[in-house]
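Engineer: Provided herewith is a single structure, encoded as structure tokens, for subsequent inquiry.
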Amino acid sequence: MRNQKRPVFLNLLQIKLPPTAIASILHRVAGVFLILLFPFLIYMFDVSLQDKASFTQAVQLINQPLVVLLLYGLLWAISHHFFAGLRYFLIDFDVICGKQAARFSAVIVVILGLLIPVLVALGGKL
């Protein structure tokens, strides 16, 4: 027998996810983003260490608007992944207990993950 209460079509964009789910999904997205950008960072580091002309070429590439946006995305990924990892560490050691504390800490993680790149961007403009 089929369960008639199961949804026929599940649209994930219409579901209101709790803050804990959002923080968890963003933690995974940040981890994937970090892994995908790692080869680019190694390449740029290698190019920058070859000689003075290569260093200048690397700096010119890094100053491109799309690369700057990518680097701010990387900064978000690092900060969010760090704070979410710290949150999971505290949950594992029962420092964060209960549904309310988990929700509050998830909101804090998402806010801090976004706040760090914004502060760095504003700091560069001041």
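Engineer: May I ask you to verify whether Leu71 is surrounded by 11 or more Cβ atoms within 10 Å (Cβ to Cβ), of a type outside the set (Gly, Ala, Ser) and over 22 Å from Ile22 (Cβ atoms)?
Structural biologist: So Leu71 fits the description; yes.
Engineer: Could you please find all residues in the stretch 78-126 being of a type in the set (Asp, Glu) and either in contact with a Phe, Trp or Tyr (Cβ under 8 Å, 6 or more places away or on another chain) or in a helix (DSSP H, G or I) (or both)?
Structural biologist: The answer is Asp92, and nothing else.
Engineer: Is it the case that the stretch 84-91 has a residue that's out of contact with any strand residue (DSSP E or B) (no Cβ under 9 Å at 6 or more places or on another chain), closer than 24 Å to Pro19 by Cβ, modelled with pLDDT of 95 or more and surrounded by fewer than 13 Cβ atoms within 10 Å (Cβ to Cβ)?
Structural biologist: Yes, because at least one residue in the stretch 84-91 is out of contact with any strand residue (DSSP E or B) (no Cβ under 9 Å at 6 or more places or on another chain), closer than 24 Å to Pro19 by Cβ, modelled with pLDDT of 95 or more and surrounded by fewer than 13 Cβ atoms within 10 Å (Cβ to Cβ).
Engineer: For Leu66, state whether it is surrounded by 11 or more Cβ atoms within 10 Å (Cβ to Cβ) and part of a helix (DSSP H, G or I).
Structural biologist: No, not satisfied.
Engineer: Ok, one more. Taking Thr56 as meeting all but one of (1) modelled with pLDDT of 95 or more; (2) more than 15 Å from the chain's Cα centre (by Cα); (3) surrounded by 14 or more Cβ atoms within 10 Å (Cβ to Cβ), write down the number of the exception.
Structural biologist: Only one criterion is unmet by Thr56, namely (3).
Engineer: Go through the stretch 33-45 and count every residue that is surrounded by 12 or more Cβ atoms within 10 Å (Cβ to Cβ) and either β-branched (Val, Ile, Thr) or in contact (Cβ under 8 Å) with a residue 40 or more places away in the chain (or both).
Structural biologist: The number of residues fulfilling the criteria is 3.
The values are calculated or read from the model by the stated rules, or taken from the named source; none is laboratory data. Just so it is clear, the structure is predicted and the values come from calculations on it, not from any experiment. Please note: Cβ atoms are built from the backbone with ideal geometry, for glycine as well, and neighbour counts cover all protein chains shown.
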